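Engineer: First, the structure itself, so that you have it in front of you.
Quick note: the coordinates plus some simple rules give every number you see, no bench work behind them. Just so it is clear, the structure is predicted and the values come from calculations on it, not from any experiment. Reconstructed Cβ throughout: ideal geometry from the backbone, glycine too, with neighbour counts over all protein chains shown.
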Amino acid sequence: MIELGWTYFFQIANILILYFLMRRYLFGPVTNFIEKRREYTEGLIEEANSSFAKAKELQAQAEAELTEARRQAQASVEQAVEHGKAMSEEITDRARREEAARLERAQREIEEAKVRAIHEVRQEVANLSVQIAERIVEQSLDVDAHMHLIEDALQRMDDGHVN
Amino acid sequence: MEFDIKTIFRLGPIPITETVVNTWIIMVVLVVGSMIVTRRFRTAGPGDKLGTTELVVEMIVDGLDSFIGETMGKKGRKFVPYISTLLLFLVVANLVGLVGVRPPTADLNTTLGLATITFILIQGSGIRSKGILGYIKGFFEPFPLMFPLNLISEISTPFSMAFRLFGNIIGGMIIMTLLYMVAPIVVPVIPHVYFDLFSGIIQAFIFTMLTMVFVSMAIDEEEEE
């Protein structure tokens, strides 16, 4: 039970053989597999990180593009507003000018009508005056000389000299 | 006497004892078992899904790796396969008593053989770390008068380890045999749990732990320098 013999050497050899066999058939394959999977997982993580970085980059790019588009849209709106304002001012100006021209024309027409009316009234007054004078003096005067006198009288009336 | 180790057969003048044959059986069980449970590890791709058996095997191997790595440090990683083999062998060898096979560790030849390998590992690490002159000088520290004590301390290490394991296993075996003689049916169940399961696993763990500690002490000295 406690004597040493050949078994001692056999057992040392057995343990060493067992160590080599276990390393070959248990620890080797399992450790290799764990190592392979660790590398595989690290590769996946690296890939995910790179995809994430790329996505971030794309997002930043998209945001920049969006900002630029917004800026351009804002510029277009501002330009359109400016254009609208300019058009509105132009239309208003034109309307104002047309209105003024129309007013001027109307005033001119009024003035002309007034002059014409005054002339007609004056003519009428002259005729009436001649007839009245004829009736009063019962004497036919030279119409032309008569008319001249009346014109003269009317002219003086116009000038404010009433005799 | 019943505790004597039987010689199963002879190879010329060399007797092949029960211990050696039982060790061979354990070796076959461990190696064939390993070959069976690691079949998928050799063929599976890194992204493949593994079965429950593979996951359990992976957990055990990875657990042993972490445990030994933590105990022995970074430089002790190269000892992981040997220490793991030692632990698995001792656990199985100490537990075979449960199925009526005589544990190989109940033979001083086995435990002293294992302790001899540990002794060689300790001294080998010492020589590798300090160089042969530094190693010899280590026996005369802290002062030359300590040489005999240092020498005895080094030589006694494998004997203390071997006798601790052997004594515990043979002691348990003797007690169990006596119990079977006195009360063969129900009574031995609980002592079996203690002497074979508990004590067997604890002793396997202690032997492995001591091997790790002694070897890592030699490596630590190397790191300090």
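Engineer: Can you name the helices of chain B, as whole DSSP H runs, whose Cα span along the helix axis is 15 Å or more and whose Kyte-Doolittle mean is not below 1.6?
Structural biologist: Span-like helices, by this rule, are B:18-37, B:80-95.
Engineer: Now a separate question. Would you mind ranking B:ILE175, B:ILE117 by Cβ crowding within 10 Å, fewest neighbours first?
Structural biologist: By the 10 Å Cβ count, ascending: B:ILE175, B:ILE117.
Engineer: Would you calculate the separation in nanometres between label points at B:ILE36 and B:VAL101, each defined as 7 Å from the Cα along the Cα-to-beta-carbon direction?
Structural biologist: 1.3
Engineer: B:LYS130: which lysines have alpha carbons under 17 Å from its alpha carbon, excluding same-chain residues fewer than 8 sequence positions away?
Structural biologist: By straight Cα distance, B:LYS130 reaches B:LYS75.
Engineer: Looking at the square roots a ≥ b ≥ c of the eigenvalues of the Cα gyration tensor of chain B, which shape do they give, rounded for a/c under 1.5, prolate if a/b is larger than b/c, or oblate?
Structural biologist: In terms of gyration-tensor shape, oblate.
Engineer: In addition: Please report the spacing between the Cα centers of the range B:101-132 and the range B:1-66 in Å, no decimals.
Structural biologist: Comparing the Cα centres of the range B:101-132 and the range B:1-66, I get a distance of 20 Å.
Engineer: What ranking do A:HIS119, B:HIS192 get, fewest neighbouring Cβ atoms within 10 angstrom at the top?
Structural biologist: Lowest count first: A:HIS119, B:HIS192.
Engineer: Give me the Å³ per residue figure for the convex hull around the C-alpha atoms of the range A:8-159.
Structural biologist: It comes to 152 Å³ per residue, whole-number rounded.
Engineer: Right, another one. Hey, what angle do you get for helix A:6-22 against the long axis of chain A, alpha-carbon based, 0 to 90 degrees rounded to 10?
Structural biologist: For A:6-22 against chain A, the angle is about 20 degrees.
Engineer: Count the net charge of all other residues whose Cβ sits under 13 Å from the Cβ of A:GLY28, scoring Lys and Arg as +1 and Asp and Glu as -1.
Structural biologist: Net charge around A:GLY28: +2.
Engineer: Roughly speaking, what is the stretch gain from A:ASN127 to A:ASP142, that is 0.36 nm per residue apart minus the C-alpha to C-alpha distance, in nm to one decimal?
Structural biologist: 4.1 nm
Engineer: On to the next question. In percent, what relative contact order does chain B have, based on Cα pairs under 8 Å that are 6 or more apart in sequence?
Structural biologist: 25
Engineer: Stokes-Einstein diffusion coefficient for the range B:103-225 at 25 °C in a medium of 0.890 mPa s, Rh from the Kirkwood formula over Cα pairs: what value in µm²/s?
Structural biologist: The calculation lands on 149 µm²/s.
Engineer: Amide H to amide H under 5 Å from B:ILE16: which residues, 5+ apart in sequence or cross-chain, H placed 1.01 Å off N in plane?
Structural biologist: B:ILE8, B:PHE9, B:ARG10, B:LEU11
Engineer: Give me the Kirkwood hydrodynamic radius of the protein assembly as shown in Å, from all C-alpha pairs, to one decimal place?
Structural biologist: Over the protein assembly as shown, the inverse of the mean reciprocal pair distance is 31.2 Å.
Engineer: Please determine, in degrees from 0 to 90 and to the nearest 10, the orientation of helix A:143-159 with respect to the longest principal axis defined by the Cα atoms of chain A, where the helix direction is its Cα long axis.
Structural biologist: Roughly 50 degrees between the two axes.
Engineer: Quick check: pseudo-label points 7 Å beyond the Cα along Cα→Cβ at A:ALA80 and B:SER66, how many nm apart are they?
Structural biologist: For the pair A:ALA80/B:SER66, the computed spacing is 6.5 nm.
Engineer: Taking the beta-carbon count within 10 Å as an exposure proxy, list A:VAL77, B:VAL101, B:VAL61, B:VAL186 from fewest neighbours to most.
Structural biologist: Exposure proxy ranking, most exposed first: B:VAL186, A:VAL77, B:VAL101, B:VAL61.
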